[in-house]
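The values are calculated or read from the model by the stated rules, or taken from the named source; none is laboratory data. Computed from a predicted model, the values in this text were never measured in an experiment. Surface accessibility is based on the protein's heavy atoms, side chains included, excluding ligands, DNA and RNA. Shrake-Rupley method; radii C 1.70, N 1.55, O 1.52, S 1.80 Å.
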Amino acid sequence: TNYNTMSSKEKAAFDIKFERITKEARAKELAEAMRANKDITDKAVREAAALEIFKKSNTKTYTNDTAGEKEAKMDFEKAKREGAKAGVADTMKDCMTAGKTNCDDEAETAFADSMGLEKTNGVEFKAKFQRFKKDAAASAAVKTTSACVEKAGADVSKLTECATLAKKEAAKALGGEDYEEIAKDKNKKAAFDAKYERMAKEARAKELAEAM
């Protein structure tokens, strides 16, 4: 479809989708830049380099003053979190698919490198990671749902498959049992489904707020 021939409603829907796609791409590029510079011991230097990459990849312009710098830094921190979430979810899923057992450890490394943090065994770092892992799993599941529903249209059976697919995505990203195994035990399934709905609801609310 040609963008110029779209109706105002179609353009609005496309613009939201385009902004989401490009935002995810920028966030992933930023996370890669943070990981690439992980060996730079000076955190300020590492962050400054990543910030410049973020500015160049962003279509948004910032004023050349203190206010502009603060706005750029705020957008940078948001993008850094989004990129780190995608990295953590992908690391967990890849690790689980490979049948490894140290997936949390690998995901912690991805989290620390992407966020510019020091990986430790401390309670604070572990707590931050666990919360982040849940957010990453929920975000991945919501993205899977959106893509699946777009293709499913009004087909009820396909929409049901989309819901199951999203739960499988979340289970892998969380690093626990595979959802197919969880679903075999009605108590485990009920507990997981309740947890999933809570996580997905929060992720959908965040995505809606950003779209608005």
task = Please work out how much accessible surface ILE21 shows to a 1.4 Å probe, ignoring ligands, DNA and RNA, in Å² rounded to 10.
result = 90
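Taking only DSSP H segments of four or more residues, each worth -39500 (n - 2.57), what value at 222 nm results for the chain once the sum is divided by all its residues, to the nearest 500 deg cm²/dmol? If you can, show how the numbers build up before the last one.
On the way: 8 runs with 168 residues, N = 212.
After summing the helix terms and dividing by residue count, I get -27500 deg cm²/dmol.
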ask   = Tell me, what is the percent relative contact order of region 138-212, built from C-alpha pairs under 8 Å that lie six or more residues apart?
value = 34
remark   = Of the listed links LYS56/LYS158; LYS80/LYS184; LYS55/LYS100; LYS11/LYS167; LYS55/LYS128; LYS85/LYS189, those spanning more than 29 angstrom between alpha carbons are LYS56/LYS158; LYS80/LYS184; LYS55/LYS100; LYS11/LYS167
ask   = GNM, the chain, Cα, under 10 Å: largest mean-square fluctuation among VAL156, VAL45, VAL88?
value = VAL156
inquiry  = I'd like the accessible area for LYS128, computed on protein heavy atoms only with a 1.4 Å probe and all protein chains in place. Round to 10 Å², please.
reply    = 100
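I need to check one value: relative contact order of the chain, counting alpha carbon pairs closer than 8 Å and at least 6 residues apart, in percent.
Values: 198 pairs, mean separation 38.5, N = 212.
Normalised by residue count, the contact order of the chain is 18 percent.
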request  = Could you work out which residue, out of GLY176, GLY99, GLY116, moves most in a Gaussian network model of the chain, that is, has the largest mean-square fluctuation with Cα springs under 10 Å?
outcome  = GLY99
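Considering only protein heavy atoms and a probe of 1.4 Å, how much of the accessible area of region 1-135 is carbon and sulfur, as a whole percent?
Here carbon and sulfur together make up 53 percent of the probe-accessible area.
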ask   = How would ASP193, ASP105 rank on accessible area, largest to smallest, probe 1.4 Å?
value = ASP105, ASP193
Accessible surface of GLU77 - all protein chains present, 1.4 Å probe, nearest 10 Å² = 50
ask   = Going by accessible area, probe 1.4 Å, with all protein chains left in place, what is the ranking of MET199, MET96, largest first?
value = MET96, MET199
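Under a 1.4 Å probe, what is the accessible area of region 1-144 per residue, stated in Å²?
Working: 8370 Å² over 144 residues.
I get 58 Å² per residue for this part.
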task = Please list TYR62, TYR179, TYR3 in order of solvent-accessible area, largest first, computed with a 1.4 Å probe with all protein chains present.
result = TYR3, TYR62, TYR179
ask   = Say we join alpha carbon atoms closer than 10 Å with springs in a Gaussian network model of the chain; which of ASN187, ASN64, ASN102 then has the biggest fluctuation?
value = ASN64
